[in-house]
1. Among the residues in region 146-156, are any among the charged types (D, E, K, R) and assigned to a helix (DSSP H, G or I)?
2. Any residue at all in region 18-38 that is modelled with pLDDT under 85, out of contact with any strand residue (DSSP E or B) (no Cβ under 6 Å at 6 or more places or on another chain), β-branched (Val, Ile, Thr) and more than 28 Å from THR82 (Cα to Cα)?
3. Quick check, is TYR67 closer than 17 Å to GLY151 by Cα and at pLDDT below 90?
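The values are calculated or read from the model by the stated rules, or taken from the named source; none is laboratory data. All of these numbers come straight from a predicted model, not from anything done at the bench. Note that each Cβ is placed from the backbone with ideal geometry, even for glycine, and that neighbours are counted across all protein chains shown.
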Amino acid sequence: MKICVNRWPNFPGAIMAGLIVVGFCVLLLWHDPLVFWNDDYELSVLPVFADISRSWSEGHLPLLSPYSWVCSNLAGEFQYGTFSIFVNAAVVGIWKFPLTFPQQAAALSITHLFVLAIGAFLLARDRKLSVPLSIFVALIAALNGWIICWGATDWFGALGAFAWLPWAWWSLERALDRQRTHWRFLWPAPFVYLVVTGGFPYTVLMLLLLIAWLSIKSVVETKTWAVATANPSGGGSILPMLIGVALGLGMSAPAWLAIFDYVHGSARALYASAAHWQWIVPWRALPGFILPCWTVNWADFSTNYLPHTATELASGLVAPAALIAGLIWRPRMLVRRMNWELTLLLLVLLLAMIPTAGVFRWSFRWLP
């Protein structure tokens, strides 16, 4: 008797998580039709994307534009996802419909939020979480304060890259799975490519930090670097993952080679040293993880310390509260089971609270 195996057991849950996020965004649009069209989105992102759509319709690769905020070199500007197949396909597809600029901005952001939610759901399911908890993870990933209030409504590049970070994490862990075939090294390649070309250097740094964390974790747990010959069907440590990462970096080479070439001497690299202190997360703001209305002084874009609510820290209330409850109730068991994850959490929190240099300033961008 032939047994039918469901190759897509997580498909319904992933789609459900994505649709919940879409529904939430529709509610935001119903409340304010201009919610996704603000600041940089209306000043530079949408006009440039309109020009990108025009260039593709005329059969040209959109590398130059007269509408860029700082320069006409889209590849050097990086934030427009010029070399991302997904960003370009989404722009071309959305611009086929007779939508206004605010509607185009909403469609583009919602598309990426949908992708982000599905990726977070799949990552949670691969980490053995139940379907309800995985949906919960997806909602936090796609609807946290930083992503909604900055990435989805202002700095599109942040959302364009971060939408693929859970997918990259999911694929990296699959490449490390010793129960999979030798071809598992292919999993990370497309998602590393999509993160790098998405248009946000900070998310690339997040990816590199994640790769380093997974590498150290795997080496410590398996005590091996190379592929184990004693287990030809699986075996091994970090080599398949690193090969996949190298393939992804190779696929995204036009994006990062362009930004390395053009960033030297650019306006973005010539800020005063005081700019490195802008928007670092003050330790007094940490209660904002539970109470987004928590207000303390933050250093703004002019390095002025002004009262600011912790909107960027909003992450669903339940998750940070549950973590604190676990540390109070069963601290040893929680630390034993989640020691690696807690280490990563503390490291990222530290990075968000210290100044960083050059184009990587504004440490609060580490928050997702």
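1. Checking region 146-156: not a single residue is among the charged types (D, E, K, R) and assigned to a helix (DSSP H, G or I).
2. Taking every residue of region 18-38 in turn, none turns out to be modelled with pLDDT under 85, out of contact with any strand residue (DSSP E or B) (no Cβ under 6 Å at 6 or more places or on another chain), β-branched (Val, Ile, Thr) and more than 28 Å from THR82 (Cα to Cα).
3. no
Here is a yes/no grid of residues against (1) surrounded by fewer than 16 Cβ atoms within 10 Å (Cβ to Cβ); (2) in contact with a Cys (Cβ under 7 Å, 6 or more places away or on another chain); (3) outside any loop (DSSP other than H, G, I, E, B); (4) among the hydroxyl-bearing types (Ser, Thr, Tyr):
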{"residue": "GLY13", "(1), (2), (3), (4)": "no, no, yes, no"}
{"residue": "ALA17", "(1), (2), (3), (4)": "no, no, yes, no"}
{"residue": "ASP40", "(1), (2), (3), (4)": "no, no, yes, no"}
{"residue": "SER44", "(1), (2), (3), (4)": "no, no, yes, yes"}
{"residue": "VAL48", "(1), (2), (3), (4)": "no, no, yes, no"}
{"residue": "ASP51", "(1), (2), (3), (4)": "no, no, yes, no"}
{"residue": "HIS60", "(1), (2), (3), (4)": "yes, no, no, no"}
{"residue": "GLY76", "(1), (2), (3), (4)": "no, no, yes, no"}
